[in-house]
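Following: one structure in structure tokens, then a few remarks.
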Amino acid sequence: MTARGAARRSLLLWVLAALAAGAPSRGAAAAAFERGVPPQAARPAGGGDAYPHVINVSVDGLRGDVIARLGPGSVPHLYRLRIEGAFTDNARNDPDYTITLPNHACELTSRPVLGPDGHGVTFNSDDGRTLEAVHGSYVAGVFDVAHDHGLATGMYVSKSKFALFERSWNGNEGAPDTTGVDDGRDKIDVYVYQANTAALLDSFIAHMTAAPHGYAFIHLADPDAAGHSYGWESAYYLESIVKVDGLIGRIFDLVEGDARFANATYLVVTADHGGTGTDHADAADSLNYTVPLSVWGPGVPAGADLYWLNPSTRANPGNGKPPYAASPAPIRNSESANLSLDLLGLPGVPGSVIDAAQDCDAILPGGAEALPAVFITSPSSGTSFEYPAGVVIEATADPLCGAIARVEFFADGVALGADSTSPYACIWTEVPLGAYRLTARAVRDDGIAATASVDIEIVSPTAGSAGQSLLRTPRIYPNPFGRRSTIEFSLPETDFVEVAVYDLLGRRVERLFDGSLRGGVHEMTLDASSYAPGIYFLRLRSSAAVVTGKLMIVR
Ligand SMILES: [Zn+2]
């Protein structure tokens, strides 16, 4: 681990103008508060930055089963975390407390609430003390480790009681820097309290753009507020999750629209508790103690279940509520501190007990190392080439540790070639008409590999006017669906047609039709009862073209 050269400056303190609803009167909590160090260059910008970023989002009162009920059409970004990342909807919070402040203390320290290792925050409103005063000795958190290793840190919260954390880890109360360059005692470089979560995201994005945090924590209160006011299954609650989904979409936009973050940023998204009726305080109710946990980022296996990734150290608790002594343990929201540090290549939180071995591996079953990061720089996804085409595929690959042995290239799973020197490239000549998924697979010298893909299409040069000669994308309805859906497509003329379903790994799951069909509109029923829920591709091939459509099976 090299020194990361954080340049830290003197502290500034300022209070933002309060929002309309909460103009602060004397003694009342301000609706917005911001303290931090304005633009600082904590990390080298752009290429060569091998260290990833982690954005840790805690959604107050988020229930995973409600995400599933809303579906990908309503909450596409929360679904994206599941489809492209590793996740479980069956994580646990603290077994004794299903309320906000205790669980956030767990998430930030990877400690339980009670017991000698517990942080001791059993209360749910800030009483002005520090974690050290509550626990009896200093309680380190995720910010300690990130900060001490030279990363810039940020905390963006939508409830004023999170001042507990800002106070506990500020320039006076934070512990001395334990390693490398002395970056001072203030563990949270930028702290923003803003009750309006859209404005909170504005602030986060502005700070990240000006001076990226290596580790940032974002707390979004909307579902909890809607749940308490109207109920955890009310329309208002569903609407609040749609709102949160939009905020997470803005985080995706930030990550993908900035070369410093693209393919180098992990999102860790969890919740402090669920809820039922208009409350979540009953620690015996599974709707309160069940929370989701998603991890998304380079190398995280798409669609993987976190329990499947951790077969020896974690066990799905079903509907139960295992104590901390249970082994294997359930996945908990309190993994998030040590999991985030693991993703950053940093050691765990001193004094932590949950995932203290950092063995909750979003990245690899049984392995602590991150996968290599690979990115296709050309062509960009969605590019159309006129037939006849030769396509040059170019990729970058960062081993994160060790060295890249080679980058292999594939079209729809068929090998095109490999390159062992950077910049990695491959030329695919005489590409037939059709839609293709191009994949680059970076293989590290230890044999560990990661892939990245883009979708391209080779179109007829006359496609503009003579589009009728090509197949159109099939219509699939309903989609997403549970068991049965209808596929409708039109064929310009009598032709041989193959209709098949492929999984995300490019394996054919089922061939629905293979034979001759007359020109015109055709309908087929897809019975997917035997398919596991997830994303599939429908592929329609005629003698002239190949078109694909995406199927999403949700149950
Ligand atoms: Zn609440």
Query raised in the report: Residues in region 62-70: is at least one within 16 Å of the ligand (Cβ to nearest atom) and over 24 Å from Tyr156 (Cβ atoms)?
Result: no
Query raised in the report: Counting only residues that are among the polar types (S, T, N, Q) and in a strand (DSSP E or B), which one in region 266-280 is farthest from the ligand (Cβ to nearest atom)?
Result: Thr270
Requested in this report: Return the only residue of Asp189, Asp258, Asp183, Asp202 being more than 22 Å from Thr100 (Cα to Cα), away from the ligand (no atom under 16 Å from the Cβ), of a type in the set (Asp, Glu) and without any contact (Cβ under 8 Å) to a residue 12 or more places away in the chain.
Outcome: Asp202
Report task. Taking the options Asn338, Asn263, Asn333, name whichever one is in the same structural domain as Asn90 (by TED's automatic domain parsing), within 16 Å of the ligand (Cβ to nearest atom) and either aromatic (Phe, Trp, Tyr) or in contact (Cβ under 8 Å) with a residue 12 or more places away in the chain (or both). Result -> Asn333
Report summary line: If we ask which residues in region 167-176 are in contact (Cβ under 8 Å) with a residue 24 or more places away in the chain and either touching a Lys or Arg at 6+ places or on another chain (Cβ under 7 Å) or small (Gly, Ala, Ser) (or both), their number turns out to be 6
Report task. Would you check if Gly320 is assigned to a helix (DSSP H, G or I), modelled with pLDDT of 95 or more and of a type in the set (Gly, Ala, Ser)? Result -> no
Report task. Can you give me the ranges of the helices (runs of 4 or more DSSP H) entirely in region 73-185 with at least 2 residues that are buried (at least 21 other Cβ atoms within 10 Å of the Cβ) and of a type in the set (S, T, N, Q)? Result -> 100-109
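The values are calculated or read from the model by the stated rules, or taken from the named source; none is laboratory data. Every value quoted in this text rests on a predicted model; they were computed, and no experiment measured them. Here the Cβ is made from the backbone with ideal geometry for all residues, glycine too, and neighbour counts use every protein chain on show.
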